[in-house]
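Asks: Sharing a structure below in structure tokens format, with a few things to ask.
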Amino acid sequence: MAKASPIEAVGTERSKIGVLLSYKLVRLFSEGLYTTPIKAIEELVANAFDAGALQVAVFLSANFNQQGSTIVVMDDGESMDAEGLAKHWLIGKSFKRELATLPKGRQQIGKFGIGKLATYVLAHRLTHVTKKDGKYYSTSMDYRVVDERGEEEIEPKKPIEIPLRALSEEDAKDALKPWTDTAAFKGTKLKLFGDKASKSWTVAILSELKEKVHELQRGRLEWVLSTALPLRPDFAIYVNAKKLTPSKAGKGRLKTWTLGKDLSALPTPAPSDLETNEDTGKPTTDDERFGFLDKTIGRVTGFAEAYKNLLTGKSDQIGRSNGFFVYVLDRLINVEDGHFGISPDELRHGTFGRMRVVVHMDGLDKFLQSDRERIRHGPALEAAQNILRGIFNAVRTYLASVDAGENASAKFGQSLAGSQTSVSRRPIVAIAKAALEGKYKPRYVAVPPSTTQAERDSVIAELERRIETPETFVTSVELAWDATAGIGLAIYDAKSGVLRVNGFHPFVASFFSEFESKSSGLPLKLFAMAEVLLEAQLYQQGYKQSDVDAIMGARDRYLRDVADSSGRRTALTISRALHEARNNESKLEDEVVAAFESLGFDAAKDARNKKADGIAKAHLSADEKGVARQYSVTLEAKSTRSDGKRVSAKDVGVSLIAQHRDDYKSEHAIVVGPAFPTDKGEKSNLAMQIAEDRKQKADGSKKTITLITIEDLARLVRLAPTKGLGLSKLRELFVNCSLPEDCKKWIDEIEKTKLQRPPYRKIVDAIHTLQQKRQRQMVKYSALLESLSNLVPPVNYETEEELMVLCKAMAQMAAGYMSASDESVELDQSPDNVVVAIESATKAHLADNP
């Protein structure tokens with residue numbers, strides 16, 4: 001055993017502290033959890049924060065090869081007396097979370113009682129010198145005693161005894177002189193002795209250093225300490241007299257969003273029930289004043305930044321500047337993993353490298369594992385990752401517009417600034433105020449839900465401020481690709497000032513290329529804003545909510561109809577068109593999208609980037625337990641140039657199909673073609689590739705790819721109206737069927753089913769009666785459900801969704817005579833003519849051939 005150095009022998013031994021520490025236990029916790037030398041120093045600095053320190057200083061010997069080199073961490077926190085030092089060496093037990101009074105009011109970072117063991121990685125000896133209540137103490141742990149025992153049991157056979165020593169002030173002063181006499185110490189604000197000395201302090205000394213110390217990079221250490229720990233006005237960190245400043249990202253910042261304020265809603269896959277939240281007790285300049293509330297992890301605060309150029313580069317060897325920075329109780333928990341466990345394939349480097357997202361998720365504290373860098377797999381981790389994905393998607397949309405050279409906000413702001421305030425801005429303030437007060441429910445202006453009076457006043461005040469600077473009344477224009485069913489062309493967010501254009505609205509999807517050309521890109525924004533203004537102006541003119549809804553609803557239906565250049569089409573015409581397009585790639589893409597619209601999906605081509613040929617979204621309500629049922633399917637059309645040919649495995653491209661599906665965050669992908677080389681069934685090359693893709697992913701999800709022939713898709717379109725195929729039932733096809741043979745068998749079974757004939761006549765008559773009472777307005781399903789239940793005998797349906805599916809099927813069979821949306825249904829002809837059309841179509845739909 002090495003002879004004790006003077007600092008370990010100074011003072012008078014007062015007692016022994018029994019430390020229950022085995023060789024296996026210390027190796028497990030230190031080398032297993034704390035694999036980097038920086039972690040040992042970080043843990044000591046974190047202890048200083050928990051102790052309420054105002055100053056903490058780290059001193060590193062200039063040359064670790066020299067004999068006697070040390071690493072020392074000093075702080076002026078509340079420190080430990082004899083009892084405190086004994087508790088400090090209780091392994092696996094921490095009293096920090098049991099404190100009645102928190103030092104400096106700080107929520108405690110540590111909770112496991114094992115952080116001290118990180119020092120085993122760096123040194124053979126850990127010595128503490130402390131001052132508390134005017135008295136001085138020291139302890140010194142020689143880890144070599146643990147090593148020499150070599151116990152392989154987790155629980156040691158007997159405790160290791162370390163001396164607890166009492167020191168005089170002169171003893172302590174002499175013992176610490178090798179460090180307090182240095183220029184580095186004098187460059188800090190710490191004062192350990194004499195007048196105005198700190199009432200309490202702690203000095204932790206790592207000595208007799210191990211080889212691991214040579215892996216310590218000082219630049220990296222400074223980055224970790226300045227990024228991973230809470231630098232703030234009441235907590236300063238020094239490294240060899242250099243005062244650290246909060247880590248900053250690079251130059252060229254384009255925009256910053258505060259969560260819950262500038263980003264008041266997140267796109268999918270962020271949880272749909274996120275609520276904005278404001279802590280009025282914090283200053284308006286504080287990043288944590290605004291945030292979101294998530295039912296799983298609680299409050300989420302922070303900000304996101306977008307940059308002109310990549311933040312990555314040589315500096316990454318010291319510390320990263322881009323990616324996600326997730327803090328729990330003010331401590332960074334993903335120092336190494338900037339992706340926070342999300343696959344880099346989901347977060348494309350060209351975009352991810354240009355953003356910096358800093359979030360505080362204190363609710364993750366109870367899910368942290370003992371190294372405080374990993375979170376247990378489960379709903380909390382999934383919720384956190386989905387919130388981060390949502391933030392990424394929001395910033396990605398903005399960067400895409402910048403890259404396209406649109407500069408949408410500036411151009412659009414100039415256009416608005418040239419119009420009268422009373423026409424272009426004041427009506428929006430009026431309708432937003434009415435919405436906040438619960439007097440109106442606009443379709444095209446969004447306001448925060450469930451706000452306090454102070455929050456409502458804040459939103460209106462911000463709107464009024466933007467009126468004074470009309471160039472920024474619309475803070476940004478974004479194309480939203482996650483809109484729910486029934487949403488109109490655009491929504492203006494009254495809180496953030498963002499105008500979100502619905503990218504999947506049929507009108508936008510159909511004319512996207514014309515709108516987004518360099519010569520005419522601006523009109524889409526102007527057109528979208530005109531829709532927002534129309535609703536606001538109608539409200540300001542005194543129209544009733546029902547009248548405004550009817551006008552805006554009729555206008556939206558008109559735009560959707562205009563998008564379909566061939567006019568309203570029946571399931572039969574779409575079925576025929578699918579067959580006719582089998583050898584025309586462009587036409588087949590259009591007809592596949594039309595087929596999924598016919599099946600009840602919100603389907604559209606994505607003209608942005610030509611990844612998938614289209615996407616179809618199933619907007620379903622949650623089940624009785626609140627579990628989401630909505631899903632989406634990417635659409636891929638594969639034609640051949642002549643009849644009788646099959647789409648090759650190479651042309652299908654399973655890996656590319658999977659990539660498209662995952663890029664769109666869809667659960668399913670479907671590939672439509674004349675025929676596929678799957679004669680060998682599950683042994684075919686395509687079958688094996690699809691089966692491999694269907695394996696459960698690392699995150700527990702299971703995604704699918706389905707191959708279907710044009711003939712079977714056309715048959716499915718024809719059968720859907722008469723077989724009551726809703727979106728929930730259709731999902732079985734994507735979940736259970738991989739190959740064309742599977743799809744054919746599934747559709748064969750659907751075709752064999754015999755359903756009770758729906759009471760078409762009674763439903764049509766009920767719609768007609770309600771329309772007469774409501775001055776020819778469209779009929780809500782809730783009203784129709786009630787009317788049918790009052791008939792004698794009653795016609796009962798369990799849910800509005802069940803009735804909606806039936807009405808949409810009827811509208812398919814009586815196209816032009818009847819129309820149905822997700823919210824309401826309407827007759828455009830007499831009841832007799834509508835029923836005749838349905839009867840005629842029913843026979844045609846059941847024909848064997850198109």
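The values are calculated or read from the model by the stated rules, or taken from the named source; none is laboratory data. Predicted model, so just to flag it, every value in this text is computed and none were measured. Here the Cβ positions follow ideal geometry from the backbone for every residue, glycine too, while neighbour counts run over all protein chains shown. The accessibility values were calculated without ligands, DNA or RNA, using every heavy atom of the protein model including side chains. Shrake-Rupley method; radii C 1.70, N 1.55, O 1.52, S 1.80 Å.
Asks: Grab the beta carbon distance between LYS611 and LYS243, set R0 = 60 Å, and tell me the FRET efficiency rounded to 0.05.
Replies: For R0 = 60 Å, the calculated efficiency reads 0.75.
Asks: Could you pull the accessible area for SER138 with a 1.4 Å probe, rounded to 10 Å²?
Replies: 0
Asks: For an R0 of 51 angstrom, estimate the FRET efficiency from the Cβ-Cβ distance between HIS579 and GLU336 and round to the nearest 0.05.
Replies: 0.40
Asks: While we're looking at this one, here's another question. At a Förster distance of 30 Å, what's the computed FRET efficiency of GLN66 paired with ASP133, Cβ-Cβ distance as r, to 0.05?
Replies: For R0 = 30 Å, the calculated efficiency reads 0.25.
Asks: State whether the stretch 769-828 is rounded, prolate or oblate according to the following rule on the C-alpha gyration tensor (a ≥ b ≥ c being the square roots of its eigenvalues): a/c under 1.5 gives rounded; otherwise a/b larger than b/c gives prolate, and the remaining case gives oblate.
Replies: oblate
Asks: What shape does the stretch 639-739 have by the C-alpha gyration tensor, where a ≥ b ≥ c are the square roots of the eigenvalues, rounded means a/c under 1.5, and otherwise prolate means a/b greater than b/c and oblate the rest?
Replies: Judged from the Cα gyration tensor, the stretch 639-739 comes out oblate (a/c at least 1.5, b/c at or above a/b).
Asks: For the stretch 694-766, take the alpha-carbon Rg, divide it by the Kirkwood Rh, and send me Rg/Rh. Before the final figure, lay out each step's value.
Replies: Working: Rg = 15.6 Å, Rh = 14.1 Å.
Ratio value, two decimals: 1.11.
Asks: Please work out the C-alpha center-to-center distance from the stretch 153-225 to the stretch 279-295 and express it in whole Å.
Replies: Here the two parts' Cα centres lie 38 Å apart.
Asks: Please list LYS282, LYS617, LYS645 from largest to smallest accessible area, probe radius 1.4 Å, with all protein chains kept in place. Can you show the working numbers first?
Replies: Values: LYS282 65, LYS617 30, LYS645 120 Å².
Accessible-area ranking of LYS282, LYS617, LYS645, largest first: LYS645, LYS282, LYS617.
Asks: Provide, for q = 0.13, 0.20, 0.28, 0.29 Å⁻¹, the log10 of I(q)/I(0) from a solvent-free Debye sum over equal Cα point scatterers in the stretch 250-313.
Replies: Debye intensities relative to I(0), on a log10 scale: -0.42, -0.81, -1.13, -1.17.
Asks: A further question follows. I need the peptides 664-673, 437-446 ranked by packing, meaning the mean over residues of other C-beta atoms within 10 angstrom, with the highest value on top.
Replies: Packing order, densest peptide first, comes out as 664-673, 437-446.
Asks: Follow-up. Report the one residue of GLY726, THR704, LEU716 whose Cα lies farthest in the direction of the positive end of the charge dipole of the stretch 696-739 (charges on C-beta: Lys and Arg +1, Asp and Glu -1; origin at the Cα centre).
Replies: Most positive-ward Cα: GLY726.
Asks: Rank by packing, highest mean first: peptides 829-836, 735-742, with packing defined as the count of other Cβ atoms within 10 Å averaged across residues.
Replies: Listed from highest to lowest mean packing, they are 735-742, 829-836.
Asks: So, one more: Ranked highest first by average number of other Cβ atoms within 10 Å, how do 581-592, 36-47, 159-170 line up?
Replies: Top of the packing list down: 36-47, 581-592, 159-170.
Asks: In addition: Pulled fully out, how much extra length does the chain show between GLU148 and LYS173, if you take 0.36 nm times their separation in residues and subtract their Cα-Cα distance? Kindly include the intermediate steps, with their values, before the conclusion.
Replies: Numbers: separation 25, 0.36 × 25 = 9.00 nm, distance 3.29 nm.
In short, 5.7 nm is gained.
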